[in-house]
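Here's the structure, in structure tokens; my notes come after.
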Amino acid sequence: MTTLTAARAMSYGRLTAVRRHPLLAVLAVLVLVFQVTTGSFLDAGNLRGIATDAATLAIVAVPLALLVISGYLDLSVGSTLALGGLVAGWLAGEQHQSPVVAVLGALAVGAAVGAVNGVLCCYLGLSAFIVTLGMLTAVRGLAQQVFPLPLSGFGAGFAWLGGSRIAGVDAPVVIAALVLVAGASFLAFTPAGRHVFAIGVNREAAHLSGIAVRRAPFALFVVTGVAAALAGAIKASVLDSAVAGTSGAGFELTVLTAVLLGGVALSGGSGSVFGVLLGVLFLGSLQNGLTLLNVPAFWQQMAQGVALVAGAALAFLGPRTTR
């Protein structure tokens, strides 16, 4: 292959990647703008902060994306995050349980919330939008009833979950990376991953093809609940506190924005884990850059809303991705 031919092939590859994931070009421009305007956006310490802050978002965004691809939705992840963090903190702090027991307790609560959502939506056929919107309020109310006062002081052992490093990388980032790899591998290399796409495209046709159209989405509801509770435990570990009324407030909108920005079709049947990663990095970079520029919080909220609308527009700029 000649040098010219190789250059053309590389150029074509880059163009194809941008067409498949138009957010990639937008993210590159955003990073360039923030670096020019702040002069410190690409500093190693700031990039580490972006990665750490975005880790909990990625942990929930991946399973939620798989759920949306299958044609369902979970709006209760913010409340589940709050309840998971409170349960983990209560077990580690007031009950003096080991960090492992505290985290497992949180995961059990998340699995329970996900199972309720899954039964009502997948097996009883109720609207996922209505059910999970109701669970958003119900789980938040449960958290406030069980834990009316803020919790804090969870101990040094529990702080390891959010504050330690594994091979020089922050533990939440390592966990997020494992979730991303697991999600991408599930979609690309397993029959169940292909079934998720089939269910999202046409549930009736998938059923006639012999696919268990209830089992896979139900499992994804449970996994999404577990992921949200894990994210809550990580946040409680990082902050050494948890508050029922404010922990995870608005998180469901943020994670859904990341999923839609990543090219996952809200109607189901289309999306990729790589696209979700781009959506997570875009939101993390946007928030970080605006914070460095001392942009007021209400403008940051408006920017996130604009990003959500932009995600719908970006979906039409390139072909749908399914890997």
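The values are calculated or read from the model by the stated rules, or taken from the named source; none is laboratory data. Here the structure is a predicted model, which is why all the values come from computation and not from measurement. Don't worry about glycine lacking a Cβ; one is built from the backbone with ideal geometry, like all the others, and counts go over all protein chains shown.
For the structure I just gave you, tell me whether Gly110 is out of contact with any helix residue (DSSP H, G or I) (no Cβ under 8 Å at 6 or more places or on another chain), in a helix (DSSP H, G or I) and either aliphatic (A, V, I, L, M) or modelled with pLDDT of 95 or more (or both). Judged against the criteria, Gly110 is not a match. Cβ-Cβ contacts under 7 Å between residues 6 or more apart (or on different chains), taken from a first residue in region 274-303 that is without any contact (Cβ under 8 Å) to a residue 12 or more places away in the chain and within 19 Å of Leu32 (Cβ to Cβ) to a second residue that is of a type in the set (Asp, Glu) and not in a loop (DSSP other than H, G, I, E, B), are absent. Screening the candidates Ser185, Ser209, Ser164 for the property of being free of Cβ contacts under 8 Å to residues at least 40 places away in the same chain, within 19 Å of the chain's Cα centre (by Cα) and exposed (fewer than 15 other Cβ atoms within 10 Å of the Cβ) yields one hit, Ser185. Which ones in region 25-64 are more than 30 Å from Pro217 (Cβ to Cβ), buried (at least 16 other Cβ atoms within 10 Å of the Cβ) and of a type in the set (Ser, Thr, Tyr)? Result: Thr38, Thr52.
Do we find a residue being hydrophobic (A, V, I, L, M, F, W, C), out of contact with any Pro (no Cβ under 6 Å at 6 or more places or on another chain), closer than 24 Å to Ser70 by Cα and without any contact (Cβ under 8 Å) to a residue 40 or more places away in the chain anywhere in region 169-178? Checking region 169-178: at least one residue is hydrophobic (A, V, I, L, M, F, W, C), out of contact with any Pro (no Cβ under 6 Å at 6 or more places or on another chain), closer than 24 Å to Ser70 by Cα and without any contact (Cβ under 8 Å) to a residue 40 or more places away in the chain. Gly263 fulfils the conditions (1) more than 30 Å from Gly93 (Cβ to Cβ); (2) surrounded by fewer than 24 Cβ atoms within 10 Å (Cβ to Cβ) except for a single criterion, (2).
Looking only at region 181-203, decide whether some residue is in contact with a strand residue (DSSP E or B) (Cβ under 6 Å, 6 or more places away or on another chain) and part of a helix (DSSP H, G or I).
Step one: of region 181-203, the residues in contact with a strand residue (DSSP E or B) (Cβ under 6 Å, 6 or more places away or on another chain) are none.
No: region 181-203 contains no residue that is in contact with a strand residue (DSSP E or B) (Cβ under 6 Å, 6 or more places away or on another chain) and part of a helix (DSSP H, G or I).
Screening the candidates Val68, Val139 for the property of being over 13 Å from Ser247 (Cα atoms) and in contact (Cβ under 8 Å) with a residue 60 or more places away in the chain yields one hit, Val68.
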